[in-house]
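The values are calculated or read from the model by the stated rules, or taken from the named source; none is laboratory data. Predicted, not measured: the structure shown is a model, and the values here were computed from it. Backbone-built Cβ (ideal geometry, glycine too); neighbour counts: all protein chains shown. With ligands, DNA and RNA removed, areas are computed over all heavy atoms of the protein, side chains included. Shrake-Rupley method; radii C 1.70, N 1.55, O 1.52, S 1.80 Å.
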Amino acid sequence: FTCAYHGWTYGNDGKLIGVPNFQDAYFEQLDMEQWGLVPVSQVDSYKGLIFGTFDPAAPALLDYLGNMAYYLDVVADRLGDGSEVIGGIHKWIMPCNWKFPADNFDGDSYHVGWSHLTALKPELTIASGIGRQVYAGNGHGLGMFPGILDAYENDVYRYEREMRPAMEAHMGKARAENQYVHGTVFPNFSILTFERTVRVWHPRGPDKVETWSWCIVDKSAPQNVKDGYRKITEWTFSPSGLFEQDDMENWQFCTATGRGVMTRQIPQYIGMGKGHEHADEDFPGEVGYTISEQNQRGWYGRWRQFMSANSWKDIPVEKAAPIAQQQ
């Protein structure tokens, strides 16, 4: 790995192995052993999704994910034989604060029926009351909805319907019937199963975020279905996607207005659904109505904990529900 700026070169193990002008400018006094790349302290994976942290004191991945692992199966391992990425990666930069897209995918079903009104079929309105929001703990949140895929008739959604018995056999009825999932693994990894996209929001300052987005499909799906998923992802949630463009415009202007002197003095109300959360044995976590701001409350509460903490000792980690409940 060679730095394009000054030419320092590092080996695959992260050690500094080459420094221009080492003899005449540094007089061979630079201790190259001390200036290697900073190692990623922990690397682990869940169902093929790879996670890393620079903090050696951070909890193990499964502890960090908690209940969210139960829901990640819906995007990463629906049939028991894993998933794969197709079509490469989309990367683009948006002029917005990174918390807007993380918040949006985490729990904002409220905007769908208005922001995306022209792109939706009438029967797909979220306000109909189907589905639920789930705060999975540790800052992770998601929404799950049944039956939406039944409104379409093409190779992809015929495949979805045909595979439902196999999904139920592998994951159980609750997850198999609620195949449309949006969610965010705190703080900045998001999923959207209807369009088969997973993405990471990379902050590039307070008013800019770089998005890395992939299309993820069942490894065993037929090629025509994989091609269909790729096209759906491009048409809906990509830099030029129909839904993505709606969202990007909202996030851009919310970021701009949020910087105003007066705006910063006015509190934002995120109390929708407060006090109406409940437990459900099929859905580990805190369950709410189809549209609710409980996930945002959980996400921002977790963000506040991280911003206020000196170390992991100051941050509580909620354990996942018992395994028996998750099968």
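Exactly one residue out of 141, 113 is in contact with a Ser or Thr (Cβ under 7 Å, 6 or more places away or on another chain) and modelled with pLDDT of 90 or more: that is 141. Taking the condition of being surrounded by fewer than 14 Cβ atoms within 10 Å (Cβ to Cβ) and either among the β-branched types (Val, Ile, Thr) or outside any loop (DSSP other than H, G, I, E, B) (or both), how many residues in the range 25-36 meet it? Matching residues across the range 25-36 total 2. Any residue that is among the aliphatic types (A, V, I, L, M), part of a loop (DSSP other than H, G, I, E, B), over 22 Å from residue 183 (Cα atoms) and out of contact with any strand residue (DSSP E or B) (no Cβ under 7 Å at 6 or more places or on another chain) - is there at least one of those in the range 288-309? Yes, because at least one residue in the range 288-309 is among the aliphatic types (A, V, I, L, M), part of a loop (DSSP other than H, G, I, E, B), over 22 Å from residue 183 (Cα atoms) and out of contact with any strand residue (DSSP E or B) (no Cβ under 7 Å at 6 or more places or on another chain). Across the range 177-203, which residue is surrounded by the most Cβ atoms within 10 Å (Cβ to Cβ) among those that are in a strand (DSSP E or B) and among the aromatic types (Phe, Trp, Tyr)? Filtering first and then ranking leaves 201.
When residue 73 is tested against (1) in contact with a strand residue (DSSP E or B) (Cβ under 7 Å, 6 or more places away or on another chain); (2) within 30 Å of residue 223 (Cβ to Cβ), just one condition goes unmet, and that condition is (1).
Considering only the range 204-224, state which residues are outside any loop (DSSP other than H, G, I, E, B) and either hydroxyl-bearing (Ser, Thr, Tyr) or touching a residue at least 40 places away in the same chain (Cβ under 8 Å) (or both). Scanning the range 204-224 gives 209, 210, 211, 212, 213, 214, 215, 216, 217, 218, 224.
Would you confirm whether or not the range 153-174 contains a residue that is assigned to a helix (DSSP H, G or I), open to solvent by 10 Å² or more (accessible area, probe 1.4 Å) and within 24 Å of residue 296 (Cβ to Cβ)? Yes, that holds for at least one residue.
Taking (1) within 29 Å of residue 191 (Cα to Cα); (2) among the β-branched types (Val, Ile, Thr); (3) free of Cβ contacts under 8 Å to residues at least 12 places away in the same chain in turn, residue 9 satisfies each apart from (1). For the range 258-267, state whether one or more residues are open to solvent by less than 40 Å² (accessible area, probe 1.4 Å), modelled with pLDDT under 95 and within 23 Å of residue 146 (Cβ to Cβ). No, that holds for no residue.
For (1) in a helix (DSSP H, G or I); (2) more than 23 Å from the chain's Cα centre (by Cα), each residue gets a yes or a no:
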{"site": "228", "(1), (2)": "yes, no"}
{"site": "238", "(1), (2)": "no, no"}
{"site": "245", "(1), (2)": "yes, no"}
{"site": "252", "(1), (2)": "yes, no"}
{"site": "260", "(1), (2)": "no, yes"}
{"site": "264", "(1), (2)": "yes, yes"}
{"site": "268", "(1), (2)": "no, yes"}
{"site": "273", "(1), (2)": "no, no"}
{"site": "276", "(1), (2)": "no, yes"}
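Here is a yes/no grid of residues against (1) at pLDDT below 95; (2) at positive phi; (3) surrounded by 14 or more Cβ atoms within 10 Å (Cβ to Cβ):
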position	(1), (2), (3)
287	no, no, yes
296	no, no, yes
301	no, no, no
310	yes, no, no
316	yes, no, no
322	yes, no, no
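Would you confirm whether or not the range 232-248 contains a residue that is within 22 Å of residue 144 (Cβ to Cβ) and hydroxyl-bearing (Ser, Thr, Tyr)? Yes; the residues of the range 232-248 include at least one that is within 22 Å of residue 144 (Cβ to Cβ) and hydroxyl-bearing (Ser, Thr, Tyr).
One residue is enough: does the range 35-53 have a residue meeting the conditions acidic (Asp, Glu), farther than 30 Å from residue 250 by Cα and modelled with pLDDT of 95 or more? Can you show your working first?
Taking the range 35-53 as the starting set, the residues that turn out to be acidic (Asp, Glu) are 44.
Subset that is farther than 30 Å from residue 250 by Cα: 44.
Then drop every residue that is not modelled with pLDDT of 95 or more, which leaves 44.
Looking through the range 35-53, at least one residue is acidic (Asp, Glu), farther than 30 Å from residue 250 by Cα and modelled with pLDDT of 95 or more.
Taking the range 52-91 only, how many residues are open to solvent by less than 30 Å² (accessible area, probe 1.4 Å) and either aromatic (Phe, Trp, Tyr) or free of Cβ contacts under 8 Å to residues at least 12 places away in the same chain (or both)? Residues flagged as open to solvent by less than 30 Å² (accessible area, probe 1.4 Å) and either aromatic (Phe, Trp, Tyr) or free of Cβ contacts under 8 Å to residues at least 12 places away in the same chain (or both) within the range 52-91 amount to 2.
If we scan the range 16-24, do we find a residue that is open to solvent by 90 Å² or more (accessible area, probe 1.4 Å), in contact with a Phe, Trp or Tyr (Cβ under 9 Å, 6 or more places away or on another chain) and not charged (D, E, K, R)? Before you say what the answer is, go through the steps one by one.
So the first thing to find is which residues in the range 16-24 are open to solvent by 90 Å² or more (accessible area, probe 1.4 Å), and the list is 17, 23-24.
Those still in the list that are in contact with a Phe, Trp or Tyr (Cβ under 9 Å, 6 or more places away or on another chain) too: 17.
Then drop every residue that is not not charged (D, E, K, R), which leaves 17.
The answer is yes, given that some residue of the range 16-24 is open to solvent by 90 Å² or more (accessible area, probe 1.4 Å), in contact with a Phe, Trp or Tyr (Cβ under 9 Å, 6 or more places away or on another chain) and not charged (D, E, K, R).
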